[in-house]
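The values are calculated or read from the model by the stated rules, or taken from the named source; none is laboratory data. Because the structure is predicted, anything quoted here is derived from the model rather than measured. No Cβ is skipped: glycine too gets one built from the backbone with ideal geometry, and neighbour counts run over all protein chains shown. Accessible surface is based on the protein model in full, side chains and every heavy atom, while ligands, DNA and RNA are left aside. Shrake-Rupley method; radii C 1.70, N 1.55, O 1.52, S 1.80 Å.
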There are 2 protein chains.
Amino acid sequence: MQLEDIMQSADRPLASQRSEVGKIRRKNEAEILRAATLLFSKNGFQGVRIAEVAEEAGLPKANIYYYFTSKEAIYTGILRKLISGWDEALEEIRADREPREALEAYVRAKLDYGRRNPEESRLFAAELQSGGPFLSDADREHMREATDKRVTIVEGWIANGRMRPVNPRHLFIILWSATQFYIDSDKLACDALRVPEMTDDDYQDAAATILETVIGSVIPTA
Amino acid sequence: MQLEDIMQSADRPLASQRSEVGKIRRKNEAEILRAATLLFSKNGFQGVRIAEVAEEAGLPKANIYYYFTSKEAIYTGILRKLISGWDEALEEIRADREPREALEAYVRAKLDYGRRNPEESRLFAAELQSGGPFLSDADREHMREATDKRVTIVEGWIANGRMRPVNPRHLFIILWSATQFYIDSDKLACDALRVPEMTDDDYQDAAATILETVIGSVIPTA
DNA sequence: CAATAAACTGACCAGATGGTCAGTCATTGA
DNA sequence: TCAATGACTGACCATCTGGTCAGTTTATTG
């Protein structure tokens, strides 16, 4: 987490001189990011006023601008942190594992990450769904490479006959969208479907259903 | 489509007197809604200025307010139209049909509707995902009932042994989120997954994958 | 205990944006 | 042809909001 990148560089002209960032600074920046993440995930970039962020963070508005150069800097700062989470779950998919085991681990990792970081997760998904206007080309490229790598692995499994022939990208789409749906489920769409508050049991249930219906069908019962 | 509801009622004090709404009015209102839908679906409620809507519709801003009382009125007007689309696809799920056939028809109907109305579809999904702040209680209740009805049907199929025992709500979640993902797929998330422009073939492929992986696994091979 | 740097903040500003309105032009029905 | 109503619009306004800044307070350090 390189907070420096999203800070006013002018504020710390000689960063190398003091390896330790001020305690107050560290605390307040974290608090601002927390508040901003919460609000951005709910209302999107345009739907949030920095005055709100300030209030949520318990700081005067001008103080926000002491730590961050702009509203956009806060947003992209959050986003950068999340890119690394994108492939965290994907790491589970390795050629040396059994397909069922690997896909299962992926689903559980994704659900688990979302469970632990619901705001961040929703923020990231919303950013993707709106076309990623704040993602850099490098970010996109990174995500594409991470995906391509796993597609190749799945193709290998299929070639080995360890998986039924299925379009790997479409498989990932189903897994990604389904898990994301559960993560965002404290929102209304689930209200309509009457899956109200997601409890631990519900998450288990969700994972089980995805595993059975999706994964189960692409793995031949040896 | 009752446009009257979202119009300035003061403009037509005696609606009953003339059953035919002015041609110009009809045309311009439709044009405004089209423009607004396009923009709202891209940028969300907060992300759109009515000046943009005006430009997109090719009308001066003040003219927008001649037809609609407020920005919110335009938005909720669009939304109301969409509620009816919510169950259009769900209609396919009827107790008298074969489960596989019904679920397949549902997926194809949903994909097809999204294909034909991508903006509306995305707008609606975004509204749901942000917690439906502009949906009325009646709208929510309507959606819940529509879902409940189909859950009962699926439960019946399971009781009859025509479907494997699966949580029906979770099954719908997987189907809904997966299809929605494809509909929104001209956006970045698919860029990362390298499923670029969705062609007709891609839609066929998507439908096939969903059918195979999800539906295929819940229907016992008699 | 200076003195230097970090942390903080009330007050302010420029531009944007939703919305209004008084008045003009166009259409239509008698 | 002539009201009367519908359609339209330039100009305007109140408010909001991202962002600035000059100056003050608090912490750190030699």
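Listed values for the range A:51-64 are Karplus-derived 3J(HN,Hα) couplings in whole Hz (6.51 cos²θ - 1.76 cosθ + 1.60, θ = phi - 60°), namely 4, 5, 4, 4, 5, 4, 7, x, 9, x, 4, 4, 5, 4, and x replaces Gly and Pro.
If you take every residue apart from residue A:52 with its C-beta less than 12 Å away from the C-beta of residue A:52, what net charge results, scoring Lys and Arg +1 and Asp and Glu -1? Before the final figure, lay out the partial values.
On the way: positive: A:42, A:49, A:61, A:71; negative: A:55, A:56.
Around residue A:52, the charge tally is +2.
Centre-to-centre, using Cα atoms only, the range A:74-111 and the range B:140-180 are separated by 29 Å.
Near the amide H of residue B:131, within less than 5 Å, lie the amide hydrogens of A:188, A:189, all on another chain or at least 5 residues away, with H placed in the peptide plane.
Between identical copies, the spacing of residue B:46 label points, each set 7 Å from Cα toward the C-beta atom, reads 1.1 nm from nearest to farthest.
So what is the accessible area of the range B:89-218 per residue, in Å², with the probe set to 1.4 Å? List each step's numbers first, then the result.
Numbers: 5180 Å² over 130 residues.
Using a 1.4 Å probe on heavy atoms only, each residue of the range B:89-218 averages 40 Å².
Shown for the range B:25-63: residues covered by the partner protein chains by 30 Å² or more of accessible area relative to the chain by itself (probe radius 1.4 Å), namely B:46.
Local charge sum around residue B:157 (other residues, Cβ-Cβ under 13 Å, Lys/Arg +1, Asp/Glu -1)? Every neighbour counted, the sum reads +2.
Annotation for residue A:101, label-to-label distances across the other copies: 4.3 nm (shortest first, one decimal, point 7 Å from Cα along Cα→Cβ).
Computed with every protein chain present, the accessible area of residue A:199 is close to 70 Å² [probe 1.4 Å]. Each residue of the range A:99-105 was assigned a 3J(HN,Hα) from its phi angle through the Karplus expression (A = 6.51, B = -1.76, C = 1.60, θ = phi - 60°), giving x, 4, 4, 5, 5, 4, 4 Hz with x at Gly and Pro.
For the chain pair B and A, the interface hides roughly 4300 square angstrom of accessible area in total, found with a 1.4 Å probe.
Shielding of peptide B:124-135 by partners, expressed as the average count of other chain Cβ atoms within 10 Å per residue Cβ, is 5. Backbone geometry of the range A:72-83 corresponds, through the Karplus equation with coefficients 6.51, -1.76 and 1.60 at θ = phi - 60°, to 3J(HN,Hα) couplings of 4, 4, 5, 5, 5, x, 4, 4, 4, 4, 7, 3 Hz, x marking Gly and Pro.
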